[in-house]
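Have a look at the structure below, then the notes.
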Amino acid sequence: MNALIDHIQLATTEPIQLIDITAAVRERLAASGLRDGVVTLISRHTTARVNLNEREERLQQDMVTFLKRLVPRDGDYGHNIAPVDDRDNAHAHLIGLFANASESIPVADGELLLGEWQSVFFVELDGPRPKRQVMVQLLGSF
């Protein structure tokens, strides 16, 4: 078994945003030469996540609305009294409790084994941010 590490760099433009990174993951998979194994993606941030879900514009809007209602930005949160990086982002950390920081996707014959309706999303919870990163680890037979 061999391993390779790569990264996907991106910027976000909204406070809560879903960005489809499926094509970027497929590009890294193709460039790696991995034939059979697994791709693991991890958000390098405590206020951003990785998620598998359906890419449909209205559903993505529903997801953003749901997250905003689940944990309102203007809640009375202790973290916001003395934020670490001068951002009132307790809501983003709290939303993160309900989402995965990472996803692992099987690979067979050089292809991601995603379901028909599945896409890979980077989920921004504390944007906009000029620099975000998803680490891509590829494991298996190259």
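Using the Cβ atoms and a cut-off under 14 Å, what net charge is assigned to the surroundings of Ser102, where Lys and Arg are +1 and Asp and Glu are -1? That sum, taken over residues with Cβ under 14 Å, equals +1. Taking the C-alpha atoms only, the angle from helix 57-70 to the longest principal axis of the chain is near 50 degrees.
Other residues lying with their Cβ under 10 Å from the Cβ of Thr12 contribute a combined charge of 0, Lys and Arg counting +1, Asp and Glu -1.
Sorted from greatest to least, the principal axis extents spanned by the alpha carbons of the chain come out as 50, 32, 23 Å.
Size descriptors for the range 88-142 (Cα atoms only): Rg and Dmax, in that order, 14.7, 45 Å. Evaluate the relative contact order of the chain (contact order divided by residue number), counting alpha-carbon pairs under 8 angstrom at least 6 apart; express in whole percent. Here the relative contact order equals 55 percent.
Taken together, the values in this text are just the output of simple stated rules run on the coordinates, not laboratory data. Just so we're clear, the structure is a prediction, and the values are computed from it rather than from any experiment. Virtual Cβ from ideal backbone geometry, glycine too; neighbours counted across all protein chains shown.
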